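Let me begin by presenting the structure, written as structure tokens, before commenting on it.
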Amino acid sequence: VIENNVAYVRIPYLSAGKAAETRKQLDALIKKNVTGIVLDLRATAGGEEQEGVQLANLFLDSGTLGYVQGQKIEKRTFSANPKEALTKLPVVTLVNQGTAGAAEIAAGALLDSKRGALVGTKTFGSGSFQKLIMMDDGAALLLSVGKYYTPSGVEIQANGVKPTVESLQANEETFNPDDETEVVQPTKPVATDDDKQLKKAIEILRDPSKANLKPAA
């Protein structure tokens, strides 16, 4: 819990079980009578598609969370399960160029549902559905056969997810989340005084008019 009685949740990656872990941690914070939530998905790259869907579902009790489709892949829609929704507290999501994959699915769902503001910079744009095809000689081919889309039909692979409130961090560096040789530095600790994006998120939770959004229901 940080200033203004806000719950701060930082998710470094969305591997199997992370959405369930987030539910547990967030539920404990909500019980402390917080007034809003900052969901930090900055530099959250990779992970599993379903984890991104389940993460978004914690904040949404109805509607479409996104879909996947390809030339030979029938459209598969992800819908919110009202039983899995956890909270209707106001939420602001932090994203940047390192937000990729499953985290982009979650960010896109929250954005299109108008659940709250997205603060930061445009996400990386890693939203392809891949299939592993085994070859006769024992080799394998990893082929992209479909793409992920936000509920409104925006192709994540080509466009990324654009924030509603653009805010560039001081000395922010960009990187390629798919480059396995690159060491990704985690987001700076909450206590730093120069986290402009986090400050903007808290400001919006305190006064939603700062993002030209109505308060969450």
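The values are calculated or read from the model by the stated rules, or taken from the named source; none is laboratory data. Quick caveat, the model's predicted, so the values are computed rather than measured. When we count neighbours, we look across all protein chains shown, and the Cβ atoms used for this are built from the backbone with ideal geometry, even at glycine. Accessible surface areas use protein heavy atoms only, side chains included; no ligands, DNA or RNA. Shrake-Rupley method; radii C 1.70, N 1.55, O 1.52, S 1.80 Å.
Structure data summary
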| item | result |
| --- | --- |
| List ASP137, ASP194, ordered by accessible area with a 1.4 Å probe, largest first | ASP137, ASP194 |
| Cβ-derived FRET efficiency at R0 22 Å, LYS75 paired with GLN130, nearest 0.05 | 0.80 |
| Å² per residue, accessible surface of the chain at 1.4 Å | 53 |
| Given (1) 8, 30, 37, 22, 3, 0; (2) 8, 35, 37, 15, 4, 1, 0; (3) 8, 33, 39, 18, 2, the label whose value is P(r) over Cα pairs in 10 Å bins from 0, in percent derived from this model | (2) |
| Fraction of beta bridges assigned by DSSP in the chain that are antiparallel (%, nearest 5) | 55 |
| The chain - charge dipole about Cα centre, Lys and Arg +1 at Cβ, Asp and Glu -1, debye rounded to 20 | 1020 |
| Share of carbon and sulfur in the accessible heavy-atom surface of region 23-118 [1.4 Å probe, %] | 46 |
| Over 24 Å between alpha carbons, listed pairs LYS18/LYS200; LYS24/LYS196; LYS122/LYS199; LYS32/LYS88; LYS18/LYS210 | LYS18/LYS200; LYS24/LYS196; LYS18/LYS210 |
| Calculated Rg and Dmax of region 27-70 using C-alpha coordinates, Å | 13.3, 44 |
| Residues of type lysines that LYS75 reaches as a straight line, Cα spacing below 17 Å, ignoring anything fewer than 8 places off in the same chain | LYS131, LYS147 |
| Average Cα contact separation per residue, the chain, under 8 Å, 6 or more apart, as relative contact order % | 20 |
